[in-house]
Amino acid sequence: MEMAAVPYSNCPTSSSIRSNSHLALSPSSSLSPNSRQVRVFSVSKKFRPQRISHDSPRYWNVLNVQDGSVATAESPLVTETPLTKLKDGLTLSTSVNESNEAAGFDIKETGSSVSITVVGASGDLAKKKIFPALFALYYEDCLPEHFTVFGYSRSKMTDEELRNMVSKTLTCRIDKRENCSEKMEQFLKRCFYHSGQYDSEENFSELDKKLKEHEGDRSSNRLFYLSIPPNIFIDAVRCASTSASSSKGWTRVIVEKPFGRDSESSAALTSGLKQYLGEDQIFRIDHYLGKELVENLSVLRFSNLIFEPLWSRQYIRNVQFIFSEDFGTEGRGGYFDNYGIIRDIMQNHLLQILALFAMETPVSLDAEDIRNEKVKVLRSMKPLELENVVIGQYKSHVKGGVTYPAYTDDKTVPKGSLTPTFAAAALFINNARWDGVPFLMKAGKALHTKRAEIRVQFRHVPGHLYSRSFGTDLDRATNELVIRVQPDEAIYLKINNKVPGLGMRLDRSNLNLHYAARYAKEIPDAYERLLLDAIEGERRLFIRSDELDAAWSLFTPLLKELEKKKIVPEFYPYGSRGPVGAHYLAARHNVRWGDMSAEHTKDD
């Protein structure tokens with residue numbers, strides 16, 4: 001068997017990670033005797049990959065082909081052009097649109113253009129994350145040849161003023177700085193600005209005219225990033241869809257969290273968006289799903305034989321999802337107080353990671369297959385009970401002569417607020433794989449360190465042959481797999497090892513994959529990966545509406561009970577490890593928090 005190399009571009013795409021189409025090698029009389037043709041047979045739209053391309057795979061760059069034959073791809077014929085109907089008789093043309101997606105969207109295609117409009121361009125998220133991520137994609141040659149970036153907000157600003165604002169936040173890769181200033185200048189020349197109201201169809205029509213001027217006669221694809229408060233999502237989508245959607249290409253909208261406050265408000269938001277958009281046009285972004293270590297989670301599990309057999313109740317004692325920040329609300333208390341730590345972190349970031357961790361093996365790497373498995377996990381979860389939850393709120397604390405403020409000292413926070421800045425919860429999945437295994441979540445602000453990690457604690461070794469070496473503390477002898485999502489990304493496995501010498505003394509050692517030491521390349525920001533996926537039409541790392549419904553169904557009853565009973569949070573000092581109640585919660589389920597052990601240090 002010979003290996004046929006597939007062309008590899010500087011910017012890898014994600015199109016080839018899905019395999020829902022049936023590939024077959026079939027002889028073709030029009031090809032040379034030693035060649036065969038890869039024919040793609042059509043499948044139902046529900047399970048069909050949105051793009052079928054093997055030109056620039058993200059994860060591999062070879063195809064196995066026998067007899068030295070050359071693989072050539074034949075796109076499936078698409079006879080249907082789906083259109084999304086609007087309530088008032090309007091139609092948001094998604095093209096050529098979705099039929100192009102089914103055949104594959106090549107970001108390097110010269111006959112098409114992509115216009116990216118950042119709605120809410122003057123906000124912090126746009127300045128700190130979105131524009132820098134777009135520049136990084138441009139620097140890595142990941143954006144189409146013909147692209148423009150438009151900023152849209154209510155602030156009065158010229159194109160040049162936008163460029164000056166954006167230029168202050170742009171940086172180049174640490175490992176790749178050549179021609180940095182030249183690249184920045186080229187990128188900024190493609191950035192433009194239009195001022196308008198978020199609920200004005202007239203203003204969006206003016207934006208549409210400007211977009212068309214830059215798109216010319218090319219097939220135009222448009223991506224709108226809504227970096228605005230959720231209460232104006234629907235107005236902005238209505239105006240964009242009726243007045244600025246693409247007439248000869250796809251139109252997609254990225255929606256930032258929060259996706260509502262509970263099941264009812266989330267369902268209302270989804271219903272409002274779907275008046276003007278199809279589900280396949282809505283990209284609900286959770287930037288934690290774009291983190292390198294979160295994306296590597298399924299690779300670690302499904303491509304390493306040593307882990308998959310252990311990934312169940314037979315060998316895993318508990319799983320911990322830990323998120324901590326070493327700073328408080330710092331002036332954002334007004335926004336935070338309306339949501340709290342459970343809505344802000346647990347219901348989305350941590351629950352999404354839990355679903356990825358616990359899901360069954362998907363049929364393929366197609367977006368729908370993966371999201372189907374995540375939904376099954378969420379629907380299998382036992383309802384959250386108040387007795388399995390601890391909430392806390394940070395209070396003022398003096399350390400090293402410095403006074404750190406309490407949450408309610410923030411001038412934007414209402415006096416006497418009961419909004420939790422810390423929460424810990426024990427969750428359970430009622431299925432055959434995970435029955436009885438506690439999944440512990442912990443998230444908080446103003447804690448002792450900034451960290452996000454997954455900790456998998458395995459069961460004790462039967463028989464405990466080396467008990468004399470470890471004493472009565474069985475937890476010291478327990479294997480633990482740690483996936484540190486941020487900062488200083490790493491994956492390490494704690495094992496028991498003999499200390500060199502004549503005696504029989506054991507200690508715990510780490511088998512450590514430290515990303516900074518192993519890989520010279522700087523890890524891309526999560527927003528880079530997610531923006532690229534949205535441009536390519538890859539939905540694997542975005543949240544589907546039924547996923548969102550299942551997530552809110554789990555947390556809404558708990559949130560309502562907390563608010564109805566006015567549960568007072570347990571206070572903890574700013575910069576501490578959180579409320580004592582979290583330790584009692586873990587102990588109730590025979591668990592010790594992995595980040596609380598004596599050996600847990602900054603190097604751990």
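The values are calculated or read from the model by the stated rules, or taken from the named source; none is laboratory data. All values reported here derive from a predicted model rather than from experimental measurement. Here the Cβ is made from the backbone with ideal geometry for all residues, glycine too, and neighbour counts use every protein chain on show. Please note that ligands, DNA and RNA were not included when accessible areas were found on the heavy atoms of the full protein model with its side chains. Shrake-Rupley method; radii C 1.70, N 1.55, O 1.52, S 1.80 Å.
Among the candidates 228, 254, 234, the residue that is in a helix (DSSP H, G or I) and within 30 Å of residue 555 (Cβ to Cβ) is uniquely 234.
Applying the set (1) closer than 14 Å to residue 549 by Cβ; (2) open to solvent by less than 20 Å² (accessible area, probe 1.4 Å); (3) not hydrophobic (A, V, I, L, M, F, W, C) to residue 249 leaves exactly one unmet item: (1). One residue stands out among those in the stretch 515-549 that are among the small types (Gly, Ala, Ser) and under 17 Å from the mean Cα position of the chain (by Cα): the one that is nearest to residue 261 (Cα to Cα), which is 545. Residues of the stretch 377-396 that are out of contact with any strand residue (DSSP E or B) (no Cβ under 8 Å at 6 or more places or on another chain) and closer than 18 Å to residue 584 by Cα: 385, 386, 387.
Do we have residue 315 as farther than 26 Å from residue 207 by Cα and in contact with a strand residue (DSSP E or B) (Cβ under 9 Å, 6 or more places away or on another chain) here? The answer is yes for residue 315. Would you please list the contacts, defined by Cβ atoms under 8 Å and residues six or more apart or on different chains, that run from a residue in the stretch 142-156 that is on the phi > 0 side of the Ramachandran plot to a residue that is buried (at least 22 other Cβ atoms within 10 Å of the Cβ) and modelled with pLDDT of 90 or more? Matching pairs, first to second residue: none at all. Of everything in the stretch 519-547 that is assigned to a loop (DSSP other than H, G, I, E, B) and not charged (D, E, K, R), the residue that is surrounded by the fewest Cβ atoms within 10 Å (Cβ to Cβ) is 520.
Pairs meeting the criteria (first residue in the stretch 260-278 and under 18 Å from residue 241 (Cβ atoms), second residue of a type in the set (Ser, Thr, Tyr) and at pLDDT 90 or above, beta carbons under 7 Å, at least 6 apart or on different chains) are 270/545; 276/241; 277/241.
Apart from one condition, residue 259 fits all of (1) surrounded by fewer than 22 Cβ atoms within 10 Å (Cβ to Cβ); (2) in a loop (DSSP other than H, G, I, E, B); (3) of a type in the set (A, V, I, L, M, F, W, C); the exception is (1).
Against the test of being among the small types (Gly, Ala, Ser), within 23 Å of residue 288 (Cα to Cα), loosely packed, with under 14 Cβ neighbours inside 10 Å and at pLDDT below 90, the options 516, 490 yield a single qualifying residue, 516.
If only residues of the stretch 205-244 that are buried (at least 20 other Cβ atoms within 10 Å of the Cβ) and of a type in the set (Lys, Arg) are counted, the one that is nearest to residue 268 (Cα to Cα) is 238. The residue pairs whose first member lies in the stretch 575-588 and is basic (Lys, Arg), whose second member is modelled with pLDDT of 90 or more and outside any loop (DSSP other than H, G, I, E, B), and whose beta carbons are closer than 7 Å, counting only pairs six or more residues apart or on different chains, are 577/447.
Considering the stretch 583-598, and only residues there that are more than 30 Å from the chain's Cα centre (by Cα) and of a type in the set (Gly, Ala, Ser), the residue that is surrounded by the fewest Cβ atoms within 10 Å (Cβ to Cβ) turns out to be 598. A Cβ distance below 8 Å, combined with a sequence gap of six or more or placement on separate chains, defines the contacts here; from the stretch 493-519, residues that are in contact (Cβ under 8 Å) with a residue 24 or more places away in the chain and closer than 29 Å to residue 296 by Cα reach residues that are part of a loop (DSSP other than H, G, I, E, B) and open to solvent by 60 Å² or more (accessible area, probe 1.4 Å) in the pairs 496/466; 508/599; 514/488; 515/488; 516/488.
Looking at the stretch 340-357, is at least one residue in a loop (DSSP other than H, G, I, E, B), of a type in the set (A, V, I, L, M, F, W, C) and within 30 Å of residue 407 (Cα to Cα)? No, the conditions are met nowhere in the stretch 340-357. With respect to residue 457, determine if the residue is closer than 23 Å to residue 293 by Cβ, among the polar types (S, T, N, Q) and at pLDDT 90 or above. When the stated conditions are applied, residue 457 passes them. What number of residues in the stretch 493-511 are open to solvent by less than 40 Å² (accessible area, probe 1.4 Å), over 18 Å from residue 456 (Cβ atoms) and either modelled with pLDDT of 80 or more or in a loop (DSSP other than H, G, I, E, B) (or both)? The qualifying residues number 1.
I'd like to verify a number: residues in the stretch 460-478 that are modelled with pLDDT of 80 or more and open to solvent by less than 50 Å² (accessible area, probe 1.4 Å), how many? Number of matching residues: 1. Looking for something over 30 Å from residue 438 (Cβ atoms), of a type in the set (Gly, Ala, Ser), in a loop (DSSP other than H, G, I, E, B) and free of Cβ contacts under 8 Å to residues at least 12 places away in the same chain - is there at least one such residue anywhere in the stretch 395-409? There is at least one residue in the stretch 395-409 that is over 30 Å from residue 438 (Cβ atoms), of a type in the set (Gly, Ala, Ser), in a loop (DSSP other than H, G, I, E, B) and free of Cβ contacts under 8 Å to residues at least 12 places away in the same chain. Taking the stretch 305-339 on its own, how many of its residues are in contact with a helix residue (DSSP H, G or I) (Cβ under 9 Å, 6 or more places away or on another chain) and open to solvent by less than 20 Å² (accessible area, probe 1.4 Å)? Looking only at that region, the number is 13.
For the stretch 566-582, the condition of being open to solvent by 70 Å² or more (accessible area, probe 1.4 Å), out of contact with any strand residue (DSSP E or B) (no Cβ under 8 Å at 6 or more places or on another chain), in a loop (DSSP other than H, G, I, E, B) and closer than 23 Å to residue 326 by Cα holds for at least one residue. Selection of first residues in the stretch 208-232 that are within 24 Å of residue 285 (Cα to Cα) and of second residues that are open to solvent by 40 Å² or more (accessible area, probe 1.4 Å) and not in a loop (DSSP other than H, G, I, E, B), restricted to Cβ pairs under 7 Å at least 6 apart or on distinct chains, gives the following pairs, ordered by first then second residue: 227/125.
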